[in-house]
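Working notes, beginning with the structure itself.
The values are calculated or read from the model by the stated rules, or taken from the named source; none is laboratory data. The shown structure was predicted, so the numbers you read here are calculated from the model rather than taken from an experiment. So basically every Cβ, Gly included, is an ideal-geometry build from the backbone, and we count neighbours across all protein chains shown. The protein model used for the area step is the full one, side chains on, heavy atoms only, and it has no ligands, DNA or RNA in it. Shrake-Rupley method; radii C 1.70, N 1.55, O 1.52, S 1.80 Å.
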Amino acid sequence: MFAVLNYMPYFPPERISNEISISRYWLQPNIENVEPLGVREFGITKCVEAARDFFPPQVIYDWINCPIEERLKLAESYSYAVAEAFELKDFKGLYIEDMGLGVAGYNSGDGKIHVSEVLVNNKNETPFEVIDTIVHEMRHQYQTECMKGLHPIDEDTLEEWLAADQLYTNEQPYALDPWGYKYNALELDAHYAGETVIREFTKDYRA
């Protein structure tokens with residue numbers, strides 16, 4: 001298991017420019033005057049922008065040769081940017097861990113984002129998997145905070161998420177309980193967030 005990463009974001013010196021301000025990525029949640037937004041799209045554009053900042057083409061194309069330490073620092077820095085994008089109130093850092101086969105990450109609503117070391121360590125994985133998983137798990141943290149009343153969301157979404165939270169489980173096969181996990185509203189929303197970030201981010205590479 002990797003050691004727990006420090007809670008201070010890392011910014012490679014070569015990434016700091018007039019376009020990328022360090023202060024932009026410190027946690028500065030401010031929702032006092034925020035109007036309820038379209039929840040599904042909330043924060044996604046900023047997540048895409050941050051992905052472009054921290055994972056430019058030279059990083060994407062040379063990921064296989066990128067030292068593990070640098071990958072860890074990039075992943076942690078990106079997690080702080082995503083926390084700002086979702087305006088998280090209780091973000092306690094990114095943890096890279098051994099999770100066993102088939103598990104990419106998890107979040108228990110306690111502010112800690114857990115990601116499998118395989119995504120960072122394995123040369124067969126891509127930075128897109130890292131980005132997708134971080135956004136997905138941090139979206140779960142955002143959902144939890146919404147259900148606690150820390151963010152303004154519409155009543156229909158709140159009721160849907162509260163009901164989904166009561167059903168949430170992966171103890172049974174999906175065929176017996178499709179709403180427990182695979183098609184649970186919380187999972188669908190988290191998948192949409194992570195996969196939409198990747199879809200928008202990779203448009204530059206598919207052009």
Checklist outcome for this item: Expected single match for among the β-branched types (Val, Ile, Thr) and part of a loop (DSSP other than H, G, I, E, B) among VAL197, VAL103 is VAL103
Checklist entry - Out of all the residues in region 47-58, is one or more modelled with pLDDT under 95, assigned to a helix (DSSP H, G or I), out of contact with any strand residue (DSSP E or B) (no Cβ under 9 Å at 6 or more places or on another chain) and not basic (Lys, Arg)? => result yes
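Return a yes/no flag: does region 172-188 have any residue that is out of contact with any strand residue (DSSP E or B) (no Cβ under 9 Å at 6 or more places or on another chain), under 21 Å from ASP90 (Cα atoms) and surrounded by 17 or more Cβ atoms within 10 Å (Cβ to Cβ). Step through it out loud before you land on a result.
Kept after step one, since they are out of contact with any strand residue (DSSP E or B) (no Cβ under 9 Å at 6 or more places or on another chain), are these residues of region 172-188: 172-188.
In the following step, the residues that additionally are under 21 Å from ASP90 (Cα atoms) were identified as 186-187.
Checking the rest, the ones that are also surrounded by 17 or more Cβ atoms within 10 Å (Cβ to Cβ) come to 186-187.
Yes: one or more hits.
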Checklist outcome for this item: When HIS140 is run through (1) more than 18 Å from the chain's Cα centre (by Cα); (2) at pLDDT 95 or above; (3) not hydroxyl-bearing (Ser, Thr, Tyr), the failure sits at (1)
Checklist entry - Only one of ASP204, ASP165, ASP132 is part of a helix (DSSP H, G or I) and closer than 22 Å to GLY93 by Cα; which? => result ASP132
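The rows are residues; the columns are (1) under 30 Å from TRP63 (Cβ atoms); (2) open to solvent by less than 50 Å² (accessible area, probe 1.4 Å).
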| residue | (1), (2) |
| --- | --- |
| VAL103 | yes, no |
| GLY111 | yes, yes |
| GLU117 | yes, yes |
| VAL120 | yes, yes |
| THR133 | yes, yes |
| ARG139 | yes, yes |
| GLN143 | yes, yes |
| ASP165 | no, no |
